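The values are calculated or read from the model by the stated rules, or taken from the named source; none is laboratory data. As the structure is a computational prediction, the values presented were derived from the model and not from experiment. FYI the Cβ positions are ideal-geometry reconstructions off the backbone, even for glycines, and counts take in every protein chain you see. These area figures cover heavy atoms from the full protein model, side chains too; ligands, DNA and RNA do not enter into them. Shrake-Rupley method; radii C 1.70, N 1.55, O 1.52, S 1.80 Å.
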Amino acid sequence: MARDGVTLGTALLRGLQRKCPCCGKAPAFRGYLKIVEECGNCRTPLGIYPCDDGPAYLTMLLIGHVVIGPAFMFHIFYTYPVEIIVPSMLAAMLALTLATLPVVKGFYLNLMWYLGLKRAR
Ligand SMILES: [Zn+2]
């Protein structure tokens, strides 16, 4: 199944690159997280697809598994003093979250586009 000749895999890869899901040429974002109203290349409306809290939840789920899971698995919490481990974990989670959120939002936007889930009016 494809939408406008674009497969789900292609749309999601374009999302990871923060590009328009339809043409893959123009950026789907203006700045860090602001979605453009329409694609600068193919004029596909992108502002009508809701992202809301979805990318934030997905990012927290991902970062939680990447940081907290291994910390328990490798006994980091039991090996190092809490005054070292807590600020280190918070800094790692903050940096990873800020780096990951825009990519996850691109992924999520393009998934919404592919599924045709538009914002309710
Ligand atoms: Zn486009």
* Ignoring everything but the protein chains, give the 1.4 Å probe accessible area of Leu8 in square angstrom, nearest 10. => 70
* Structure-based [θ]222 nm, the chain - -39500 (n - 2.57) summed over DSSP H runs of at least 4, per residue, nearest 500 -> -16000 deg cm²/dmol
* **Protection proxy ranking, peptides 67-79, 9-21, 103-115, average beta carbon neighbours within 10 Å, highest first** => 103-115, 9-21, 67-79
* For the chain, find the longest principal axis of its Cα atoms and tell me its angle to the long axis of helix 54-63, 0 to 90°, nearest 10. => 30
* To do: Would you mind calculating the relative contact order of segment 8-115 from Cα pairs under 8 angstrom and at least 6 residues apart, reporting the percent as a whole number?
  => 41
* Structure fact -> Ignoring ligands and nucleic acids, Glu37 exposes an accessible area, probe 1.4 Å, in Å² to the nearest 10, of 120
* Tally Lys/Arg at +1 and Asp/Glu at -1 over every other residue whose Cβ is under 12 Å from the Cβ of Phe107; what's the total? -> +4
* Structure fact -> The set of residues whose placed amide H lies less than 5 Å from the amide H of Lys19, leaving out same-chain residues fewer than 5 positions away, is Ala28
* Asked: Once the Cα atoms of helix 82-115 and of the chain are each reduced to a long axis, what angle between those two axes, in degrees from 0 to 90 to the nearest 10, is obtained?
  -> 20
* **Kirkwood estimate for the chain, i.e. one over the average of 1/r between Cα atoms, Å** => 15.8
